[in-house]
1. Could you run the Karplus curve 6.51 cos²θ - 1.76 cosθ + 1.60 with θ = phi - 60° over segment A:52-68 and give me ³J(HN,Hα) per residue in whole Hz, x for Gly and Pro?
2. Provide the per-residue ³J(HN,Hα) series for segment A:149-154, in order, calculated from phi with Karplus coefficients 6.51, -1.76, 1.60 and θ = phi - 60°, each as a whole number of Hz, with x at glycine and proline positions.
Amino acid sequence: MPHVEAPSDDDLVLQAREGSRPAFEALVRRHQKPLYYLCFRYVRDHDTATDLVQRAFIRVMDKVGELREVHIFRSWLYRIGVNLALNHLRDNARFVDEDQIGAAEPSVPPEAIARIESSEDSETLRRAVDGLPTKQRMTLELRIYDELSFKDIAVALDTTEGAAKVNFHYAVRRLKSLLGVANLGKVGSP
Amino acid sequence: MSFSGRSAGAPVSCEEAVDRLVSGIRVAEDLMLSQHVGSCLGCFRVAADMREVSRIKAGLMLAPTFDPGERYWDTLPQRVIASWDTHVAGNAAVQPLPRPSLWTWMGGWLRLPVPAAFAGGAVVGLLIFALTHAAYPPAAGHLAVGAATSGGALSTASSAAPRSLDIRHEPGVSVPVLRGDLALGTELDEALLGDLEDEELRRVLDGLGGSPAKDGLSAGFETFGSENEITELPSAVEALDDLDLRSLRLLKQALGRDL
């Protein structure tokens with residue numbers, strides 16, 4: 001049986017632009033996870049992250065006709081997600097409980113938390129990342145979690161490639177100074 | 001050959017070195033980069049910072065990750081599409097009404113008392129403005145007679161201003177007459193002329209037809225007679241009597257044209 005290649009993002013975007021529902025669904029399936037986790041890292045709430053993902057995809061469908069360069073779809077989608085998440089944080093800033101930042105999420109069912117290898121150090125690192133300036137944090141997370149190129153990060157964060165690199169370097173340097181090389185070495189060591 | 005394809009001999013600037021290091025290129029992969037880092041403290045520090053990236057990544061990946069479950073990922077696309085359908089249906093339900101025409105819009109606006117009052121005031125103001133400025137320049141017979149000043153100058157203010165015969169008259173004060181202030185479209189006002197003393201009228205007519213005016217009275221003057229016919233009249237009153245209104249108008253036009 002011949003192997004059928006999955007259509008590229010570009011093809012799906014072009015089809016979705018014409019109103020193809022299967023193409024749109026395929027795009028959602030392909031990008032729902034990274035987008036969900038991108039939002040979740042900011043809002044720390046499953047329901048809110050789900051809502052943001054839905055809103056992000058709806059906005060994508062609303063504006064996909066205006067997307068001139070279809071090859072930046074992924075960065076563009078992340079950009080929408082980041083903006084929605086930041087807007088949510090801004091609008092709900094007064095309701096954010098400082099103690100909950102970086103802590104276990106109350107809306108997350110306990111059984112849903114995957115039992116991945118965990119350590120106190122990695123949790124400390126996570127909190128340190130949360131404490132970074134927004135641009136540095138976003139750049140670091142897009143680079144590490146989503147493995148975006150700096151060019152794509154620049155698109156996603158509406159900045160330049162050089163600025164993205166500088167932000168990434170500053171983020172790494174700050175984490176290094178906050179946690180100490182020795183501690184980081186312990187975290188990363190197998 | 002170096003990792004980046006750069007020729008072995010080409011030097012690497014600090015900017016290039018930092019760019020490559022932050023992009024993830026390891027020092028060991030690029031000979032020129034390695035040489036530069038070995039000789040540049042700033043770039044050496046950047047290289048040291050970047051060595052921590054893999055450790056940071058490993059540490060973050062070790063952190064517990066929330067997993068909503070396969071069922072969630074299976075159903076999320078349907079929920080997104082359902083949201084999209086609702087969104088589209090909602091947009092269709094609130095289709096914008098066709099834009100009203102300008103007259104419709106203005107009609108509705110003018111039904112409100114305050115805008116209607118403003119609009120009425122604006123119309124009245126425009127009417128008043130139009131009426132007061134319709135006679136500009138002064139259409140007919142404006143012979144201004146004002147209070148006298150010593151020397152009784154006729155106003156010869158500027159050529160741009162509408163010219164009129166401005167005889168500043170005061171009993172007992174001689175009124176020098178200067179020609180040239182009769183503008184086109186100006187008529188001699190017989191009533192005003194009648195108010196002048198005979199002597200003054202004579203001076204007026206002398207001024208019109210006398211030597212100072214002789215050069216200015218040219219073809220237009222000659223249309224109704226020679227200049228001698230005027231200057232030789234026994235008195236100014238008789239001269240005015242002899243001149244009918246049409247002649248006066250012609251005289252005025254001639255003066256205006258020549259001046």
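Taken together, the values in this text are just the output of simple stated rules run on the coordinates, not laboratory data. Just so it is clear, the model here is predicted, and its values are computed rather than measured.
1. Each residue of segment A:52-68 in turn: 5, 5, 4, 5, 5, 5, 5, 5, 4, 5, 5, 10, 4, x, 8, 6, 6 Hz.
2. 6, 5, 5, 5, 4, 4
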